[in-house]
Each structure stands twice: as structure tokens, then as C-alpha cells.
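Working notes, beginning with the structure itself.
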Amino acid sequence: MPIAPCAAEQPRPLPARAAAAGFAMPPRTLLMVEDSRLAAEAVRLICRNAGIRLRRAESLASATLHLRVYRPDIVLVDLGLPDGSGLELIAALAPSPLRPQRLVAISGDAGLEGEAMTVGADAFLAKPVSLARHLAVLIGEPLGDGLPDWPPRAEVLRERYAGGDPMALRDDLRRATELLQGNAGTGQQRYAAQFLASIGQTLRDPSLTDLAERAVRLGDYGSLAALVRARAAVIPTI
């Protein structure tokens with residue numbers, strides 16, 4: 001299956017030394033297993049900076065289908081997915097012939113790092129994503145070893161990341177709202193709250209993160225749904 005580049009524009013490759021770190025050849029493809037479109041957009045910027053092509057799977061089931069079709073150099077797995085834990089996928093891939101050259105776990109819960117490494121991850125990334133630091137971990141480059149902090153148009157990318165991609169954020173909030181209201185079961189509501197806590201971390205929004213984590217502990221999903229509706233109402237339309 002053809003793999004589309006991260007963006008229509010031609011990506012700017014990293015210096016050969018940096019891109020080849022940890023690889024026999026520079027990495028060219030990355031599969032991101034991530035349910036949040038907002039988080040995926042941040043990684044898309046990393047891919048564009050590194051000249052890496054990106055594909056995204058939103059669930060364990062979708063990731064399995066992707067892995068049957070093509071062999072990514074890097075697989076980045078979120079540990080909280082709608083149909084199970086990303087730890088399951090890492091544990092299955094680690095001893096498999098389909099194992100990528102680099103298998104990386106990502107989560108907003110830093111306490112999961114030890115378990116991710118135990119089941120076979122090469123590295124663990126804590127959300128929120130930052131371009132320079134997380135690019136270094138993805139390609140196996142030691143931190144602080146001469147990688148550029150930001151690609152060209154630094155201020156534009158900083159502004160976009162700090163506020164989140166509006167369309168991606170709107171999609172994520174709409175999805176979470178649907179799971180929180182109506183006849184959603186407790187399991188779906190709990191997943192939605194964990195999903196929103198991750199979004200809060202990505203946006204560096206402590207009020208959203210704290211309320212989402214409180215909903216998980218106490219089951220107060222009504223207050224969380226009200227906050228999400230209020231946040232969605234002020235997202236710019238462009």
C-alpha cells in the first residue's frame with residue numbers, strides 16, 4: 001500500500017548523522033497507534049521535520065491491519081486505546097518477525113514506563129509531545145547531541161502547537177462528548193475521561209486534565225461533559 005508523505009510540501013531531512021542514529025539506514029516510515037487526532041498532529045510535525053512518512057491507526061485492530069500491509073521502521077504506540085491497552089500490541093510485536101527497528105510507547109501516565117519497557121518497548125515518551133526531545137527518542141539519538149530545537153518557521157510551529165490544531169481538537173472533543181453523554185456505558189465514559197486527560201496534557205491545560213482525572217476516580221462525568229462542551233464552543237473555526 002502506498003504511504004503518503006506527512007505533508008504536500010517536501011520535508012526537510014535531518015542531517016545524515018542524526019537521522020541514522022540507531023538505524024542501519026535512516027528511518028523512512030512511522031506507524032503511530034494513537035486515538036487522539038490532536039496528539040497525532042503534533043507527531044506529524046516531528047515526521048515532517050525528520051523526513052519520515054507517517055501513517056496513523058486509531059485502535060489495536062486498525063494497527064494490526066496496517067502491520068499486515070507494510071513494515072514501518074518505527075512504531076509509536078499510545079498505551080490508552082479504545083479497544084485495549086497499547087501494552088498488548090508492544091508485547092505481541094516485541095518477539096515477532098514483524099518487529100520494527102524501533103518500538104516506542106507513549107502515554108500521559110509516566111507510571112506506565114516500567115511496564116512498557118518490560119513488555120518490550122525500546123523507549124517511553126511522556127505526553128505532551130515536544131518536537132526536539134521526542135524526535136531524538138524516536139530515532140534513537142542521545143538527547144542534547146546537536147539536534148536542532150525547532151525546524152524552520154519556528155514561531156509558526158510553536159504558536160500552532162501551543163494552542164493545538166483547531167480542527168483536530170474539535171474532532172477529539174466531539175468524540176469525547178458523544179462517549180460521555182447519552183446511553184454510553186461506564187466503560188466508555190471512563191475511556192472518554194482518560195482520553196480527555198491526555199488531551200489536557202497535550203494542550204498543557206491543567207483544568208481539563210484535573211477534572212478528567214477526577215471523573216475517572218469519582219465517576220463525575222456530568223461536570224466533565226459540561227466543561228468539554230464549553231471548550232468546544234470557543235474553538236476557532238479556521
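The values are calculated or read from the model by the stated rules, or taken from the named source; none is laboratory data. Model, not experiment: these values are computed from the prediction. Positions of Cβ are backbone-derived with ideal geometry, glycine not excepted, and every protein chain shown enters the neighbour counts. These area figures cover heavy atoms from the full protein model, side chains too; ligands, DNA and RNA do not enter into them. Shrake-Rupley method; radii C 1.70, N 1.55, O 1.52, S 1.80 Å.
Summary table
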item	result
Close pairs (6 angstrom Cβ cut-off, 6 or more residues apart or separate chains): farther than 22 Å from Q201 by Cα in the range 60-84, hydroxyl-bearing (S, T, Y) and open to solvent by 10 Å² or more (accessible area, probe 1.4 Å) anywhere	P72/T29; D73/T29
Residues being out of contact with any strand residue (DSSP E or B) (no Cβ under 8 Å at 6 or more places or on another chain), within 17 Å of E58 (Cα to Cα) and open to solvent by less than 60 Å² (accessible area, probe 1.4 Å) - total across the range 83-100	2
Tally, over the range 14-29, of residues that are modelled with pLDDT of 85 or more and among the charged types (D, E, K, R)	1
Test: residue in the range 173-186 that is at pLDDT below 50 and open to solvent by 30 Å² or more (accessible area, probe 1.4 Å)	no
A121 being modelled with pLDDT of 95 or more and farther than 24 Å from D210 by Cβ	yes
Matching residues, the range 200-238, being of a type in the set (A, V, I, L, M, F, W, C), at pLDDT below 85 and closer than 22 Å to A42 by Cα	L203, A232, V234, I235, I238
Filter result (at pLDDT 90 or above and either of a type in the set (F, W, Y) or within 14 Å of the chain's Cα centre (by Cα) (or both)) within the range 67-84	I74, V75, L76, V77, D78, L79, G80, L81, P82
Hits in the range 52-67 (condition: of a type outside the set (D, E) and not in a strand (DSSP E or B))	I52, S59, L60, A61, S62, A63, T64, L65, H66, L67
Qualifying residues in the range 30-66 (those that are modelled with pLDDT of 90 or more and farther than 17 Å from I106 by Cβ) - the one surrounded by the most Cβ atoms within 10 Å (Cβ to Cβ)	R53
Complete set of residues in the range 199-223 that are among the hydroxyl-bearing types (S, T, Y) and in contact with a helix residue (DSSP H, G or I) (Cβ under 7 Å, 6 or more places away or on another chain)	T202, T209, Y221, S223
Residues of the range 189-238 classified as in contact (Cβ under 8 Å) with a residue 24 or more places away in the chain and not in a helix (DSSP H, G or I), total	6
